[in-house]
Amino acid sequence: MVSLTSQLIALRRMAAVEGDRQLVARRVTSGLNVADRADTTNALTRSRSLTRTTTALSYTQGSLENGIATVAAASSAATNIGGILTSMRSLLVSAKNSGADLRALQSQYTALGNTLRSTVSGAAFVGLNVLATGASASFDAAPTDEQGQTYAIGVDLARTRLIDPFGASGILQRSFDLSGISVGGPSTLGLEGVASQITGANSTTPGTEGLSGTAMTTAGEAANASAPGTAGLSGTATSVDGKDAVAAPSAAGLSGTAATVAGVAATDGRAVANVGTLDLSKTSLGDRLSFDVTAPINGTSTTRTLTILQRDVKDNATLQAALRTVIQTAFGSDVTATVGANGQITLATAASGSNQSIRLSNIRLQDGDDITTSNLGLRSSSSFASTTGQFGNQTLYYTTVGTPDFSRMEKGDRLDFIVYLDGDNTEKKVTVNLQNVTDAQSLVNAINGANGFSNTLAAELRGGEIVFYSKSQSTRIRVHAITPYDGNLTTTTGGTLGFTVGSANGRVASSETQASTTAGTAFGSAITIEAGASLTFDISGTGISARTITMTADTVDRALNGTVAGYSRGSGQINTSAQLALVAQRALSDAGVSGVSVTVVNDKLKFTLTKTAATGDTISVSNATGNGAAATRATITTGSDFNGAITVARNARIDSTFTANGNLIDVSIIHDDVEAALAGRSGYVRGSGTIATIGDLALVTQAALERQGLRGATVTTSGNRLVFTADEAGRLSLGLSDVVGSSTALSATATTGTDFTSPIILQDNAEIRFDLARDGNATQSIRITRNDVEAALASIAGRAGGTGRIETVNELATVVRSILVRDGINNVSVGTSGNRLVFSRDAGAGSLALSNVQTVASTARTATLRTGTDFAGPVTIDAGASIGFDVTVDGQGTTRITILQSTVEAALNAVPGRAATPGTIASASELALVVRKALDDARVSGLDVAAVGNRIELRKSAAGSGSVDLANVVSTAAGTGSSSSTTLQNLDLAASSTARMTDRERAALIDGYIRNLDAISAAVASAGSHLSMVARQLDIQSAHTARLSTIEIGRMNGSVKTDLDKETARKEALEARIALARQSLSIISESRKNVLNLLTPLG
């Protein structure tokens, strides 16, 4: 039996299904997903929000469409109005023509004005006209959020309002600005023109600063009979140039663990005959040496007689070349000849074997002097040389004598050089013996060592040419003549000169191995040996005593200059291992090491013994080291000893030329330097200018250098000489020369006792006076007036004339100087020292005294202005016309004065016999009355007005400081001016006042009309541009609003409206479930399980 609990559960489930059925029934009946609060609260709120949004968008779209239509109407009207304004302008241009029909033109102009107004009125849409409204004009744009909030797009009516219905603020209603147009206005003669002004002034006393006070004077002095001594400073200074620190060069290519090969003796199978040495010291160039050689030619023993000319032999190398030449000629390649480093001569057969033999015999020497020496191709000069060059640290004159040709020389010859120095007529004869001359450098050495050369001359090899130079900087040089002398010192009379008979037989040969050593490191990159640096290595071996070989920048120059293409002399740069080998070979030669050759193997240096190899030969190269050099300081040591006190008087000085890196700087020691350096020294007498010791001289010299801005060198002493030392080490050259003492006459001076501190102003009748006494004679009184100031300073650019103002101490000096010249005082000049004047008498004995500086005060003056044109009347001021001008008193606020017809009538009403025409001014005196009245009306007081001749004079009532200024005189005709009553609508071309104008005046007035009409046209065009911009905004927002509306309506339809097919099917399904549930309850008692299954909710 089914329990009661099971029945209750089935009933509750059936009730829930019934609730779902009722909800579906409401959706089917209303067509909405959300119908009332029984539905989901959130869904209900969402559906109402969507409904409000779509409603707001609909309203906004309507507002935007109204705005687009309103702006379009106004924009079209603005375009038409622009065309009307263009037509009106054309009429105004026509009216400027002489003889134009103004009435007809005015009629056309009026018709265009009516069209203008009707066009503005017709620009309305649904009652809104943005061209003629006083209210605001704005249109709602699209919502900015889901609550429908909007913003407005507005029209700037200040830019589009052409006609103001409630006032006159419209663009087409503006008053014309006709300022500056005085056509038809009254004459301003008697008021305008450049006014003459007198500035008022109080009674003043000019200042005397810069002139007054107790003057400081110094007496003049004649030149001293003797100049100060220069001992301790003069003489030829010894200079040592400073040098920069030099980096140590690389030892690559020399250093590293060396690969050493020991020597192995060879077994020579050739026939080799050692035939001694050849001593040529007893021969001359023309001598000949003959001998017989017996040797095989193509296997047959043959004897040939050979001859060597002494002229072809200078040393072992040339001897070997000469031997080889004659032997090759006689025997071809079957016989060889060598000359060792020690001069040993060896003849040998080319082939080896026991059948080879060689013999030298029948040696004979023949005398023969067959050469007369030339001047070696050197050239003399006909004038003193003007070419200078750098020799050491000096720039000196030099002359070039050329490159020597040694083909016409023998060792017994000599050359005589005749040399003259500029300023010295003494002939200097230099005799050069050619005994030891073999090349250009040895010739230079022979010249420098010859008798006749002294401290004044020297020779040097430059670029392969020999130059002579003078050792004095200012002395030029000339080589007048070069004369050769032949000298066969020795006549050869037989003998063999050490050449000996010899013979030898050949045998079977074996090879030899010469001792060598190869550096352990490769050369790598370029090596630079700078001046002061060096590259060293140690060498020893068989026949070589152990020693250190040094390679310097000079070694590099001598090895590579002229040998290696592109090498720059003095650079010390070694670019390849082959170049390093050349430098090392030169260094070995310089050190006297022979019998060693330096070659390159795999970019490393190889040192090889060149002598005939012997077993056990060795060679060693080690300790290759690059050595730098520390920086040094440049120094100068003076060339004379300090030998007694030196006095530098006030009118004396010691001048010298100081050289720094070739730059010449004039340096002087004056009396003030002595005072500054020695004032605190014990025993020094102030004012004496006496330098008592070498130490004092060092202090004074240091002070002189620093006074002239020469810092960076310290002056000390060495014994009784001065030493100048650069403060910093490094590349610098110093020099000191041309030390000369002198004295000059001194000027008597007087320096004023007060500083010039502020401008001095001299009024018309003010003066400055002072007394000037010269050389103790009668005193002369000097007077300075305002006119003197103006005359002296008139040429100063930008200075305001007529002020009597002296602005600076230099201007005061100019004024006083001109007064002295005017008064005939020509031997006194006036300068400045700081803010004081310095009076200086011409140099020489004498005196100056300045005294009794006084001032005379000026009297007060009244400020006055007189107009710049004469009155030419009568002048009539019509009603509505005016004359205006600005008045400024004492430079304070400016007042605008206006003379109207009423002003004239009020001022002249009581004048008897005046003209009946209103506003008429008949004379200058009447004009003065009218101006007085106008000033009173403007409440300008303190001025008197009077007629002076036909001009008006304005004068301050009280004398004293002040000014009166009148400016901007403008005559305005009726209807013109900056605030005239003329507008675009009431402009009258045919007015009677216009008809009375001249063609020129009418054209000027109409130009003013056109200028204002153009301004209005520009404003209308601006309004059109603004409306176009608003229209674009409205179009954009309208399209945007339409898109939003479409989107929101779609969202609303999806959220609010129901799917009737889906909901009807769901309703039928729920009803079927309810029917089934009722049936289940009726049979629940039969089967508990079936009831529960039937009541299970549908999926």
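The values are calculated or read from the model by the stated rules, or taken from the named source; none is laboratory data. Note that the structure is predicted; figures quoted are calculated from it, not measured. Using ideal geometry, Cβ is built from the backbone for each residue, glycine included, and neighbour counts are taken over all protein chains shown.
What the table below lists for this structure:
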| read-out | value |
| --- | --- |
| Candidate set from segment 479-490 (those that are buried (at least 19 other Cβ atoms within 10 Å of the Cβ) and modelled with pLDDT of 85 or more); member that is nearest to T399 (Cα to Cα) | V479 |
| Residue check, S981 surrounded by fewer than 19 Cβ atoms within 10 Å (Cβ to Cβ), at pLDDT 80 or above, not basic (K, R) and not assigned by TED's automatic domain parsing to the domain that holds R1011 | no |
| In segment 554-578, the residues that are surrounded by fewer than 20 Cβ atoms within 10 Å (Cβ to Cβ) and among the small types (G, A, S) | G562, A565, G566, S568, G570, S571, A578 |
| Residue in segment 422-441 that is in contact (Cβ under 8 Å) with a residue 24 or more places away in the chain, crowded, with 18+ Cβ neighbours inside 10 Å, assigned to a loop (DSSP other than H, G, I, E, B) and in contact with a Ser or Thr (Cβ under 6 Å, 6 or more places away or on another chain) present | no |
| Lone qualifier among T855, T895, T832, T859 - being out of contact with any Asp or Glu (no Cβ under 6 Å at 6 or more places or on another chain), modelled with pLDDT under 85 and in a strand (DSSP E or B) | T855 |
| Selection from segment 992-1012 of residues that are modelled with pLDDT of 85 or more and either surrounded by fewer than 19 Cβ atoms within 10 Å (Cβ to Cβ) or not in a helix (DSSP H, G or I) (or both) | D1007, I1010, R1011 |
| Selection count where residues are in a loop (DSSP other than H, G, I, E, B) and either touching a helix residue (DSSP H, G or I) at 6+ places or on another chain (Cβ under 9 Å) or closer than 14 Å to Q585 by Cα (or both), scope segment 527-572 | 12 |
| Hits in segment 781-798 (condition: surrounded by 15 or more Cβ atoms within 10 Å (Cβ to Cβ) and touching a residue at least 24 places away in the same chain (Cβ under 8 Å)) | I782, I784, R786, D788, V789, A792 |
| Residue ID - farthest from I806 (Cα to Cα), chosen from residues in segment 825-848 that are touching a Lys or Arg at 6+ places or on another chain (Cβ under 8 Å) and hydrophobic (A, V, I, L, M, F, W, C) | L848 |
| Segment 591-614 residues that are in the same structural domain as I527 (by TED's automatic domain parsing), paired with ones that are modelled with pLDDT under 90 and among the charged types (D, E, K, R) (beta carbon under 9 Å, 6 or more apart) | G595/K611; L609/D617; K611/D617; T612/D268; T612/E512; A613/E512; A614/E512 |
| Close pairs (8 angstrom Cβ cut-off, 6 or more residues apart or separate chains): in the same structural domain as A591 (by TED's automatic domain parsing) in segment 554-571, outside any helix (DSSP H, G or I) and β-branched (V, I, T) anywhere | T555/I529; V556/I529; V556/I574; L560/I574; S571/T528 |
| Selected residue (only one of A704, A748, A692 is of a type outside the set (S, T, Y), surrounded by 15 or more Cβ atoms within 10 Å (Cβ to Cβ) and touching a helix residue (DSSP H, G or I) at 6+ places or on another chain (Cβ under 6 Å)) | A704 |
| Positions within segment 717-742 being modelled with pLDDT of 85 or more and exposed (fewer than 13 other Cβ atoms within 10 Å of the Cβ), in sequence order | S718, G719 |
| Subset of segment 584-606 that is part of a loop (DSSP other than H, G, I, E, B) and among the small types (G, A, S) - its residue that is surrounded by the most Cβ atoms within 10 Å (Cβ to Cβ) | G595 |
| A111 being modelled with pLDDT under 90 and either in contact with a helix residue (DSSP H, G or I) (Cβ under 9 Å, 6 or more places away or on another chain) or on the phi < 0 side of the Ramachandran plot (or both) | no |
| Scan of segment 116-134 for residues that are part of a loop (DSSP other than H, G, I, E, B) and of a type in the set (G, A, S), ordered by number | G122, A123, A124, G127, A132, G134 |
| Answer from A531, A581 - the residue that is within 50 Å of the chain's Cα centre (by Cα), over 20 Å from F607 (Cα atoms) and either touching a residue at least 24 places away in the same chain (Cβ under 8 Å) or surrounded by 21 or more Cβ atoms within 10 Å (Cβ to Cβ) (or both) | A531 |
| Failed condition for Q702, given (1) part of a loop (DSSP other than H, G, I, E, B); (2) closer than 23 Å to N720 by Cβ | (1) |
| In segment 835-846, residue farthest from I819 (Cα to Cα) [restricted to those that are part of a loop (DSSP other than H, G, I, E, B) and within 52 Å of the chain's Cα centre (by Cα)] | G844 |
| Search result, residues across segment 387-421 that are farther than 23 Å from L664 by Cα, outside any strand (DSSP E or B) and in contact (Cβ under 8 Å) with a residue 40 or more places away in the chain | T403, P404, M409, E410, K411, G412, D413 |
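Conditions tested, residue by residue: (1) closer than 28 Å to V593 by Cα; (2) touching a strand residue (DSSP E or B) at 6+ places or on another chain (Cβ under 6 Å); (3) loosely packed, with under 14 Cβ neighbours inside 10 Å.
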residue: T305; (1), (2), (3): no, yes, yes
residue: A337; (1), (2), (3): yes, yes, no
residue: I345; (1), (2), (3): yes, yes, no
residue: L360; (1), (2), (3): no, yes, no
residue: I363; (1), (2), (3): no, yes, no
residue: S380; (1), (2), (3): no, yes, no
residue: T400; (1), (2), (3): no, yes, no
